[in-house]
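Engineer: Encoded as structure tokens, here's the structure I'll be asking about.
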Amino acid sequence: MTDLIDDFGAYREKMNEKILGSNNKVLKRIYSIDTLAYQEGALPVATKEMLGLVSSMVLRCDDCIKYHLEKCYEQGISNEEIFEVFSIANLVGGTIVIPHTRRAVEYWEALNEKTATNIHP
């Protein structure tokens, strides 16, 4: 399952380099605003990442879901917290979010598995 994480990360990095390498001012500014929005502020980073995850699930963007799951994982969000996030996303987004929740659970498990594998080789 770690291939799921590694493949996503490699693809994202490769494509972001191409996009930012285009030197398009608008795209660079959008990327910059996105980075700035998720920095520590009145809301902690963890809260912002959970909000990003709910929004991504409701908008049904699997790439965004994976990104925010990784960030939530880095912020130490627990399994219980992540499933509450999933529940809010499904409440707001409706049953059409269920397939995205399935993939989100798969990715969350992969993140946990990768860490467990790295700790206990």
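The values are calculated or read from the model by the stated rules, or taken from the named source; none is laboratory data. None of these values were measured; they are calculated from a predicted model. Cβ: placed from backbone, ideal geometry, glycine included. Neighbour counts: every protein chain shown.
Engineer: Can you name every residue in segment 102-113 that is closer than 12 Å to residue 86 by Cβ and surrounded by 18 or more Cβ atoms within 10 Å (Cβ to Cβ)?
Structural biologist: 104, 107, 108
Engineer: Now a separate question. Please identify the pairs in which a residue from segment 1-16 that is under 14 Å from residue 108 (Cα atoms) has its Cβ atom under 6 Å from the Cβ atom of a residue that is modelled with pLDDT of 95 or more and assigned to a helix (DSSP H, G or I), counting only partners at least 6 apart or on another chain.
Structural biologist: 1/110; 4/110; 5/110; 8/66
Engineer: Looking only at segment 18-33, which residues are closer than 18 Å to residue 63 by Cα and surrounded by fewer than 10 Cβ atoms within 10 Å (Cβ to Cβ)?
Structural biologist: 18
Engineer: Are any residues in segment 29-48 touching a Leu at 6+ places or on another chain (Cβ under 9 Å) and either acidic (Asp, Glu) or over 21 Å from residue 8 (Cα atoms) (or both), and if so, which ones?
Structural biologist: Matches in segment 29-48: 43 only.
Engineer: Right, another one. Restricting attention to helices (runs of 4 or more DSSP H) lying wholly within segment 32-121, give those where 2 or more residues are of a type in the set (Asp, Glu).
Structural biologist: 62-74, 79-93, 98-119
Engineer: On to the next question. Quick one: is residue 78 without any contact (Cβ under 8 Å) to a residue 12 or more places away in the chain and surrounded by 12 or more Cβ atoms within 10 Å (Cβ to Cβ)?
Structural biologist: no
Engineer: Here's another thing I want to ask about it. Which residue, of 117, 101, is β-branched (Val, Ile, Thr), modelled with pLDDT under 95 and under 25 Å from residue 3 (Cβ atoms)?
Structural biologist: Being β-branched (Val, Ile, Thr), modelled with pLDDT under 95 and under 25 Å from residue 3 (Cβ atoms) holds for just one of 117, 101, which is 117.
A quick yes/no check of all residues on (1) under 19 Å from residue 115 (Cα atoms); (2) buried (at least 16 other Cβ atoms within 10 Å of the Cβ); (3) acidic (Asp, Glu):
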residue: 54; (1), (2), (3): no, yes, no
residue: 58; (1), (2), (3): no, yes, no
residue: 66; (1), (2), (3): yes, yes, no
residue: 91; (1), (2), (3): no, no, no
residue: 98; (1), (2), (3): no, no, no
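Engineer: Looking at (1) free of Cβ contacts under 8 Å to residues at least 24 places away in the same chain; (2) surrounded by 11 or more Cβ atoms within 10 Å (Cβ to Cβ), which one does residue 38 not meet, given that it meets all the others?
Structural biologist: (1)
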